[in-house]
Amino acid sequence: MLRNFIKRTYCSVPLNNLNIEQKINPLTDTFGRFHNYLRISLTEKCNLRCQYCMPAEGVTLSPKQNLLTLDEIVRVAKLFVKEGVNKIRLTGGEPTVRKDLVDIIATLKSIPGLETVAMTTNGIVLTRQLVALQRAGLDIINVSLDSLKPERYEKITRRKGLEKVKMGIDLALQLGYKPVKINCVLIKGFNDDEIIDFVNLTENKNIDIRFIEYMPFSGNKWEIKKMFPYKNILEKIKETHPDFYQLPNGPNDTSKGWKVPGFEGQVGFITSMSEHFCHSCNRLRITADGHLKVCLFGNREISLRDAMRAGCNDDDLTALIEAAVKKKKKQHAGTFNRPNQLNNSILNQHFFPHLFVKPQKIANYRNHSTLSHINSESGSVQMVNIGTKSITNRTAKARAIIHVGSEVLSLIKTNSIKKGAVLTCAEIAGITGAKRTSSLIPMCHNINLNHVEVIAELDDKTSSVIIYGKVMCEGKTGVEMEALTAVSIAALTIYDMCKSVNKGMVITNVELVEKSGGKSGDFNRSILVKDYDKTPLDGKIKVVIGNV
């Protein structure tokens, strides 16, 4: 079951901008971005060893059994399409090394609502596979090609095969792929002298050359001096083609389109480093081993594979996906944590300011305020001054119990409650409640929360759900109320989802369990837990004393 594998820890997510539409659609994040484009990696294997992608010795591959099967890929795809995804791109590694690629494409194309199936490939085996892939329904093809010179191609990829790639591109044009997109990663001092050669390929062929700024990836030893920015490429092209002009672009286009007058094809620029396009990002990624990544630069992932193999239903998966999407940062995973590749220098902050997070000057800042206390003498409303208090690390833990009864407990266990995954929804609601505490309780200060954790566990002995909440902050006031609000909202959510089965559920033992930090010192509760049984109470209640 879902309960057995998920570590239910969620970091605080800003919900200030969350509107009704965003709450309804699981694929809309807290910044209003709707994600209708899904990239699925089919394998970690590749028949090349490109220098900017991986070390010469390759990378450690996951065991085959850890990768998504065809059925799992299709199940995930159907779930995303149901929520609004209309384009899926197949990637790798190198997707053409996967033996069931034709079956994957054909099955995906049969999903109602999915408009486009695309693929990114290195093109080595296109002459052998492309006809079958087209018949299966492949709509768009991107070919990765970083040099038109055989010896340089071999140096970049550490393999031979340039002529095969060229023949594959020509075959794609003959089969009617218009345009055929060619992805070229530019590395200063290595292949930037081929920029004009690539542009000239568009003269008589319907090709879209897409120059990609050299980006950091694990193992590629990225250096800023190797990066060739978009504006420098434009200047170089205009030296040869002064009439080079920009094309109109769609709202979610990652490539900035340009064209040489009279040429059949066009040129694009993917400016991930110098001019990011995070504000319009509509892409989500599934890794070959089934992890959902909401940002290419992010290191947070959630395993949909483990969820599926644990037997969870589609409602569980949707809840997991929604929770991940709602945690997507405003840009580039919110920070750029690669100190050995891009240090926090004045030069780098000048060219790449969007990759650096500005430190918060005010520890307890929120963009709204509420009243805090009422003067006992005058009855007037006032905000208590906490300016003299010290900033400390503060933690609070709380607990609540909701007695649901044996029937509801059984339905929750089997994920049979009609409204969906009860415990997952309750935990998400508890986290949301913790962040809204100052809006719900008038006397609470506004607090920036560093971490919120809510765990709901079933208790067979008492036919109850026990909810634990933990809240942490670094500030001048404590988070006891946030922890208590978290478990209370979680309990109320369980009641709401299960009330059609049992309206007699009872919420009890809403209590602070532990508190640390602040002037008042630490607090630990010795909890009295009633041992409920099926026999009527006779005035004698068994009591177990222990620390939580």
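The values are calculated or read from the model by the stated rules, or taken from the named source; none is laboratory data. Not measured: the values here are computed from a predicted model. Virtual Cβ from ideal backbone geometry, glycine too; neighbours counted across all protein chains shown. The area values use the complete protein model at the heavy-atom level, side chains included, leaving out ligands, DNA and RNA. Shrake-Rupley method; radii C 1.70, N 1.55, O 1.52, S 1.80 Å.
In the stretch 453-491, which residue that is closer than 20 Å to residue 407 by Cα and charged (D, E, K, R) is least open to solvent (accessible area, probe 1.4 Å)? Let's see the steps before the verdict.
Of all residues in the stretch 453-491, those closer than 20 Å to residue 407 by Cα come to 456-467, 490-491.
Now restrict to residues that are charged (D, E, K, R): 457, 459-461.
Values: 457: 82, 459: 41, 460: 91, 461: 141 Å².
Result: 459.
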Residue list for the stretch 502-541, restricted to those being under 15 Å from residue 403 (Cβ atoms), open to solvent by less than 80 Å² (accessible area, probe 1.4 Å) and modelled with pLDDT under 90: 529, 531
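Taking the conditions exactly as written (of a type outside the set (Lys, Arg), touching a Gly at 6+ places or on another chain (Cβ under 6 Å) and either open to solvent by less than 40 Å² (accessible area, probe 1.4 Å) or within 24 Å of residue 325 (Cβ to Cβ) (or both)), does residue 137 satisfy them or not?
On the way: of a type outside the set (Lys, Arg): yes; touching a Gly at 6+ places or on another chain (Cβ under 6 Å): no; either open to solvent by less than 40 Å² (accessible area, probe 1.4 Å) or within 24 Å of residue 325 (Cβ to Cβ) (or both): yes.
The answer is no for residue 137.
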Working only within the stretch 111-121, note down all residues that are touching a Ser or Thr at 6+ places or on another chain (Cβ under 9 Å) and open to solvent by 10 Å² or more (accessible area, probe 1.4 Å). 120
Conditions (1) more than 28 Å from the chain's Cα centre (by Cα); (2) over 25 Å from residue 517 (Cβ atoms); (3) not hydrophobic (A, V, I, L, M, F, W, C): number failed by residue 478: (2)
Neighbours by Cβ (under 9 Å, 6+ apart or cross-chain): first from the stretch 506-521, part of a loop (DSSP other than H, G, I, E, B); second open to solvent by 30 Å² or more (accessible area, probe 1.4 Å) and small (Gly, Ala, Ser): 518/390; 519/390
Quick one: in the stretch 238-251, of everything that is assigned to a loop (DSSP other than H, G, I, E, B) and touching a Lys or Arg at 6+ places or on another chain (Cβ under 8 Å), which residue is surrounded by the most Cβ atoms within 10 Å (Cβ to Cβ)? 244
Output the number of the condition that residue 108 fails; it satisfies all remaining conditions of (1) open to solvent by less than 10 Å² (accessible area, probe 1.4 Å); (2) closer than 18 Å to residue 49 by Cβ; (3) at pLDDT 95 or above. (2)
Give, as residue ranges, the helices (runs of 4 or more DSSP H) completely inside the stretch 341-447 that count at least 1 residues that are at pLDDT 50 or above, within 27 Å of residue 278 (Cα to Cα) and open to solvent by less than 90 Å² (accessible area, probe 1.4 Å). 422-435
Within the stretch 196-211, work out how many residues are surrounded by 15 or more Cβ atoms within 10 Å (Cβ to Cβ) and charged (D, E, K, R). 3
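May I ask you to verify whether residue 186 is open to solvent by 10 Å² or more (accessible area, probe 1.4 Å) and either without any contact (Cβ under 8 Å) to a residue 60 or more places away in the chain or outside any helix (DSSP H, G or I) (or both)? Explain how you work it out, then say what you get.
Working: open to solvent by 10 Å² or more (accessible area, probe 1.4 Å): no; either without any contact (Cβ under 8 Å) to a residue 60 or more places away in the chain or outside any helix (DSSP H, G or I) (or both): yes.
No, not satisfied.
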Within the stretch 165-178, does at least one residue satisfy the condition of being hydrophobic (A, V, I, L, M, F, W, C), open to solvent by 50 Å² or more (accessible area, probe 1.4 Å) and assigned to a loop (DSSP other than H, G, I, E, B)? yes
Among the numbered criteria (1) surrounded by 17 or more Cβ atoms within 10 Å (Cβ to Cβ); (2) over 25 Å from residue 202 (Cβ atoms); (3) in contact with a Gly (Cβ under 7 Å, 6 or more places away or on another chain); (4) not acidic (Asp, Glu), which one does residue 38 miss? (3)
If you go through the stretch 57-78 one residue at a time, do you hit one that is at pLDDT 95 or above and small (Gly, Ala, Ser)? yes
Looking at this structure, is residue 37 at pLDDT below 90 and among the aromatic types (Phe, Trp, Tyr)? no
Could you check the stretch 252-278 and list, in sequence order, the residues that are touching a Phe, Trp or Tyr at 6+ places or on another chain (Cβ under 9 Å), open to solvent by 30 Å² or more (accessible area, probe 1.4 Å) and at pLDDT 80 or above? 253, 256, 259, 261, 266
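Any residue at all in the stretch 284-292 that's within 21 Å of residue 145 (Cβ to Cβ), among the acidic types (Asp, Glu) and at pLDDT below 95? Write out each step before concluding.
Keep residues of the stretch 284-292 that are within 21 Å of residue 145 (Cβ to Cβ), which gives none.
Within the stretch 284-292, not a single residue is within 21 Å of residue 145 (Cβ to Cβ), among the acidic types (Asp, Glu) and at pLDDT below 95.
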